[in-house]
1. Tally the residues that are surrounded by 17 or more Cβ atoms within 10 Å (Cβ to Cβ) and modelled with pLDDT under 65, restricting the search to the range 244-296.
2. Within the range 221-238, can one find any residue that is touching a Lys or Arg at 6+ places or on another chain (Cβ under 7 Å) and more than 25 Å from HIS478 (Cβ to Cβ)?
3. Output the residue which, of all residues in the range 71-82 that are at pLDDT 85 or above and hydrophobic (A, V, I, L, M, F, W, C), is most open to solvent (accessible area, probe 1.4 Å).
4. Taking the stated definitions as given, is THR320 under 23 Å from THR221 (Cβ atoms), modelled with pLDDT under 70, part of a loop (DSSP other than H, G, I, E, B) and touching a Ser or Thr at 6+ places or on another chain (Cβ under 8 Å)?
5. What number of residues within the range 141-156 are among the aliphatic types (A, V, I, L, M) and open to solvent by 10 Å² or more (accessible area, probe 1.4 Å)?
6. Let me spell it out: the conditions are (1) at pLDDT 75 or above; (2) in a loop (DSSP other than H, G, I, E, B); (3) surrounded by fewer than 19 Cβ atoms within 10 Å (Cβ to Cβ), and SER310 meets all of them except one. Which number is the exception?
7. What pairs can you find where one residue is in the range 24-49 and at negative phi and in a loop (DSSP other than H, G, I, E, B), the other is acidic (Asp, Glu) and open to solvent by less than 40 Å² (accessible area, probe 1.4 Å), and their Cβ atoms are less than 8 Å apart, with a gap of 6+ or different chains?
8. Applying the selection to the range 216-243, what residues are part of a loop (DSSP other than H, G, I, E, B) and either modelled with pLDDT of 90 or more or touching an Asp or Glu at 6+ places or on another chain (Cβ under 9 Å) (or both)?
Amino acid sequence: MAFLIGSTAPALQKLAVPAVSILIAFLAYTSQWLFANAPDLPPGPLTARQTYIFNGLVLCLWYTYYKACTVDPGRYVFPSHKKTDISNTTTNARTDPLRARWCRKCAAPKPPRAHHCKTCRRCIPKMDHHCPWTGNCVSLQTFPHFLRFLAYTNVSLWALLYLLLDRFRGLWDARHLPAYLGPTLGQLALLTVLTFVAGLTALALGILLVTTLQGWVFNTTMIESWEVQRHEATLERRGDGQESWWTADDRRFVEPVEFPYDIGIFANMAQAMGTRNPLLWFFPFAGSPTVALPPANPLDPDTSGAANTSTGLPQGTGWTYEENGLNDREGMWPPLDPERLHRGGSAWRERRRSAERRRRAEFEAAHAGATPEEERAAFRRRQERDLRRWEGARARILGELEEVEDYDFVDEVYDHGPSNNYAQDYDYDQSRGAEGEGEGGEGGDRDRDRDRDRDRRSGGGIVVDEGKSGWVNADGEHLGDFGVDEDAEFDEVPVADDESSSDLDEGEEDEDEEDVPLAELIRRRKVLTKDGEDT
């Protein structure tokens, strides 16, 4: 769908609306000129009834297209002196700090179903996608106009194709007549061009209409459909045990989440169109829902539209959405992404510290009163477990780097390291694999090849852009293809360190080694090895 909804350059987006206007005028009025000025083209000019119906559809098309282009997609208005209070409530109200949605670009809380558009440069309520063909976002306020525009466009194209194909049928019926009694060569060429252009346009917009109707019936935006596919893929990888040690500890944070906004077919359609009257859904002059303005003091419970105690955000259209109750609690969408967690900056470091404190407490509780022999045996088991984890991670990383030409320097590091000890440190797993198999080192190689093939099948790969989602759906679409600013989408609200963080060792660095690029780790390894330090 990316070729229809448009992931185009800003310079081309400026030409999209004029191009669509020219296309509409060409198909609507050139065809009528041809019908009126080609009396020898059977069955002749349009009848009065055909003219009224076709031009009425074209007028509805023009008006709905104008509304889809000009209606504001919506904006969130926060009381300036209350924005900080709302953000604090949003952060502290939830038990899981990773669930608080915050937009770094807008410096404000991000309500449910809202996303930051990189073209409009603000958070859009219930953002579906940014459509370059209208130069506007399809959102809570513009979706009804966009759907009506697609509906009238498809009906107009089908009516035009009927008229054009009726002319081709007349030509076929008169195929035995002399050529001078029929239309000219220019008229036939124009008829062919109009039919070809109208057919391609009807095919493309028909696909877009079906996709939009599906989202309308099930109350899902294109972005949310992408999120559903990503969540299903995450659960599938977790069920198959295909996640790496990098995200294996995150499996407890990724729980199955049902899409919460599907509240019934009629309720879904009425919510999207802003009215429960079906007669107004496709009326071209009907309105659309608008984002509710918050009260002067949204945190006052006695005020109309007061803030929701669970989110800290005002209530009303565009701020809260009815959920179907299939999940344990409200506000669980979008589900967490493991890849997003370990790139989440301060939130990830806070979760890492909490996990470290929890592991320390569990370790002290488990080894309270243990004998020295039991402690040594437990220490050996942890060593073996860490070694196996290191071997698996190294095999996967090297498997990825071997397929990238720019990473040939890794082979040079292994072949021409600063010291033999350095090369042996990175290759000691080969000798260990030989000892473990007892029949040579082929078993370890087979295990590594199997892990590498499994990662390829599961879609694993190098994430090029840090802080952005590297996952693509079956159509090859990234989140940014829908117009979302991924830099703002994957930034969580800053999480302040709590007092319990002082329980960590004083020498522990805040920087996560996992966030450091591989080349930088190799460079540091070289420096430490040259200095003779044992790493």
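1. 3
2. no
3. Let us first name the residues in the range 71-82 that are at pLDDT 85 or above, namely 71-77.
Checking which are hydrophobic (A, V, I, L, M, F, W, C) leaves us with 71, 77.
On the way: VAL71: 27, VAL77: 73 Å².
Ranking the qualifying residues of the range 71-82, first place goes to VAL77.
4. Details: under 23 Å from THR221 (Cβ atoms): yes; modelled with pLDDT under 70: no; part of a loop (DSSP other than H, G, I, E, B): yes; touching a Ser or Thr at 6+ places or on another chain (Cβ under 8 Å): yes.
Against the criterion (under 23 Å from THR221 (Cβ atoms), modelled with pLDDT under 70, part of a loop (DSSP other than H, G, I, E, B) and touching a Ser or Thr at 6+ places or on another chain (Cβ under 8 Å)), THR320 does not qualify.
5. Pass one, the range 141-156, residues among the aliphatic types (A, V, I, L, M): 147, 150-151, 155.
This time we only want the ones that are open to solvent by 10 Å² or more (accessible area, probe 1.4 Å), so: 151, 155.
Result for the range 141-156: 2.
6. Against the list (1) at pLDDT 75 or above; (2) in a loop (DSSP other than H, G, I, E, B); (3) surrounded by fewer than 19 Cβ atoms within 10 Å (Cβ to Cβ), SER310 comes up short only on (1).
7. PRO43/ASP166
8. To start, the set of residues in the range 216-243 that are part of a loop (DSSP other than H, G, I, E, B) comprises 219-221, 240-243.
Correct list: ASN219, THR220, THR221, GLN242, GLU243.
The values are calculated or read from the model by the stated rules, or taken from the named source; none is laboratory data. Owing to the predicted nature of the structure, the values given are computational and were not obtained by experimental measurement. Backbone-built Cβ (ideal geometry, glycine too); neighbour counts: all protein chains shown. With ligands, DNA and RNA removed, areas are computed over all heavy atoms of the protein, side chains included. Shrake-Rupley method; radii C 1.70, N 1.55, O 1.52, S 1.80 Å.
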